[in-house]
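Step one of this worksheet: look at the structure below.
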Amino acid sequence: MKETKIFEKPKSMIDVTTHYCPGCTHGIAHRLIAEVIDELQIQEKTVAVAPVGCSVFLYNYINVDSYEAAHGRAPAVASACKRLLPDSVVFSYQGDGDLASIGMAEIVHAANRGEKITVIFINNAIYGMTGGQMAPTTLVGQKATTCPLGRDPKLAGYPIRMCEMLATLQAPAYITRVSVAKPKYTIKAKEALTKAFQTQIEGKGFSFVEILSTCPTNWGMRPVDATNWLEEHMMPEFPLGVFKTPE
Amino acid sequence: MGKRFLMKGNEALAEAAIHAGCKYFFGYPITPQNEIPEYMSKKLPEIGGVYLQAESEVAAVNMIFGAAGTGKRVMTSSSSPGISLMSEGISYIAGAELPCVLMNVMRGGPGLGGILPSQSDYFQATRGGGHGDYRLLVLAPSTVQEAVDLTMLAFDLAEKYRNPVMVLADGFMGQMMEAVEFKETRSEGLPDPAEWAVGYMKQRGSRALIKSLYLDPEELEAHNWKLQAKYAQMAQHEKRFEGYLMDDAEILIAAYGTVARIARTAINELRGEGVKVGLFRPITLFPFPYEPLENLPASVRQILTVEMSCGQMVEDVRLAVGKERPVSMYGRVGGMTPSVDEIKDQVRKALGR
């Protein structure tokens, strides 16, 4: 019987084992990005901006020109890079602490300027790298190491919905929230990433893809339970959907 | 002599950067340097460049990080409190070895301080300001013409060493008007950004990685020693100073920037009275030109440092002079300026006359 290879690692991915925990969805998100880069044939003109957080080592896995930005500042780095190299495809990859806490000013203003960049926002409702502290997107009642009794909105406010907030701005072209928790969501996540990169390539403006993700280690759950928890608890708070789309 | 223009210092600094081939500016408004971004916002779009007003100094310096990573000539300007906000980013730029030019038109501090000229950011400029063992190459002009010349040199030095270079001016220099000439100069043999910058993956056949994180302590130590070797090269090749009437001086005034100019007038008047006084003016504050102070003419009995600070550069002067000769310090701060008469009085007092 003749063997046909029907599945392989994307060309833009570096052939190494990732440092991510078992069950972490960063690997899925990375792979989707690499697949989209391959399919759009943009590897040599793509520039990645990695955040501070678990995915700081994004550049160890995706083989494109890369920056390692200071905590929260990836949209500023990406904005300048894209302005100087308008023919390149520039994306930042940021977690919820990086983007929605320390980097709130940078993401809002990059979006408001309509920078022709793509921002990929990994929302797993917790700080991963530092070991499970409360994030701006931590759910009410969700336990974290810095809210051991669960997030109390009287003390810490409510989870910030980035897509909804950015969608109030006039300039952004494409804003969507997807997930990679289960295959049915992952297929749509890839479509969203493709559209986001195409939005940039076609010069239509700022594109933003929020990916609801799991952090089994810091949530204290088995990977499969984490995917179910995401569906049951995160999706009602952070509904999937398209919030803005290019005309 | 080429064509001369009567220009405000800040505008001359901006035009000098454009003459040096800088087409990209990112910044945030702050007094007393606003004429620099204003000038850039008008001129850069006309030459196909980019002017972008950031949402903060924090964003501005990270835009510089992103822009410098492309290997093109980029700059920002700010004033003291703004440089404090930028200091984290400057550390990242130094750690990632990116070339760029930073202008600090100093005002008084600490805190919100004031908006009048000061020299109280000497420590911040020469000792860091951000975290980690890094150095900026710091150039301190004394006239608007020198500010123009040093700004153009700053871009060459930034590329030569792949290091941020700071032009340390003060509010006087930013706001005064003087005649200036723009001399076209460009150092030869500067490194090709295609070897390290983003945007050349196809040409180079491999990707660029702009980073400062080394989790392996051996790697981070090696990276630090590599940076230190670079700073040692700067110290060997880039020290600049001006000596004025030093050879027979009995007392030497050490001063930089605007204060050195005031001191020069005081020196000329004192010389008219027969007082043997000279001037030592560092032009590079890092690397600091220690050697001339270590090998002073035998006639020099003491040194008087004059600064618009409570005593910052004086520490470098003392390091160089040691205990062989007394070093005193006269400072005015908060936007107050040492006058010619005050400096003359300080010299007379030091000499016991």
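If the condition is being in contact with a helix residue (DSSP H, G or I) (Cβ under 8 Å, 6 or more places away or on another chain) and either more than 18 Å from A:Glu106 (Cβ to Cβ) or surrounded by fewer than 24 Cβ atoms within 10 Å (Cβ to Cβ) (or both), then segment B:26-36 contributes B:Tyr28, B:Pro29, B:Ile30, B:Pro32, B:Gln33, B:Asn34, B:Glu35, B:Ile36. Of the numbered criteria (1) within 12 Å of chain A (Cβ to nearest Cβ); (2) farther than 29 Å from B:Lys211 by Cα; (3) not charged (D, E, K, R), the one B:Tyr51 fails is (2).
To keep it simple, each residue is scored yes or no on (1) in contact with a strand residue (DSSP E or B) (Cβ under 8 Å, 6 or more places away or on another chain); (2) in the same structural domain as B:Gly128 (by TED's automatic domain parsing); (3) more than 27 Å from B:Ala125 (Cβ to Cβ).
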residue	(1), (2), (3)
B:Ala263	yes, no, no
B:Lys276	yes, no, yes
B:Thr284	yes, no, no
B:Pro289	yes, no, no
B:Ala298	no, no, yes
B:Arg301	yes, no, yes
B:Pro326	yes, no, no
B:Thr337	yes, no, no
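Note on segment B:317-340: among residues that are of a type outside the set (Gly, Ala, Ser) and over 14 Å from B:Ile253 (Cα atoms), the one that is modelled with the lowest pLDDT is B:Glu324. Of the helices (runs of 4 or more DSSP H) contained entirely in segment A:136-236, those carrying at least 1 residues that are within 30 Å of A:Leu40 (Cα to Cα), within 17 Å of the chain's Cα centre (by Cα) and touching a residue at least 12 places away in the same chain (Cβ under 8 Å) fall at A:162-166, A:183-201, A:223-229.
Based on this model, can you work out whether B:Glu15 counts as of a type in the set (D, E, K, R) and buried (at least 23 other Cβ atoms within 10 Å of the Cβ)? Answer is no for this residue. Identify the single condition in (1) buried (at least 23 other Cβ atoms within 10 Å of the Cβ); (2) on the phi > 0 side of the Ramachandran plot; (3) not hydroxyl-bearing (Ser, Thr, Tyr) that A:Val209 does not satisfy, given that it satisfies every other one. For A:Val209, the exception is condition (2).
The set of residues in segment A:114-126 being buried (at least 24 other Cβ atoms within 10 Å of the Cβ) and in a loop (DSSP other than H, G, I, E, B) consists of A:Glu115, A:Ile117, A:Asn124, A:Ala125, A:Ile126.
Restricting attention to segment B:176-209, the residues that are assigned to a loop (DSSP other than H, G, I, E, B) and on the phi < 0 side of the Ramachandran plot total 18. Pairing each residue of segment B:74-86 that is closer than 23 Å to B:Leu44 by Cα with any residue that is surrounded by fewer than 24 Cβ atoms within 10 Å (Cβ to Cβ) and among the small types (Gly, Ala, Ser), provided the two are 6+ apart or on different chains, yields no C-beta distance under 6 Å.
Looking across B:Leu44, B:Leu13, one residue alone is in contact with a strand residue (DSSP E or B) (Cβ under 7 Å, 6 or more places away or on another chain) and within 12 Å of chain A (Cβ to nearest Cβ). It is B:Leu44. Selection within segment B:203-227: residues that are small (Gly, Ala, Ser) and touching a residue at least 40 places away in the same chain (Cβ under 8 Å). The member of this set that is surrounded by the most Cβ atoms within 10 Å (Cβ to Cβ) is B:Ala208.
The values are calculated or read from the model by the stated rules, or taken from the named source; none is laboratory data. Everything numeric in this text was worked out from a predicted model, so none of it was measured. Backbone-built Cβ (ideal geometry, glycine too); neighbour counts: all protein chains shown.
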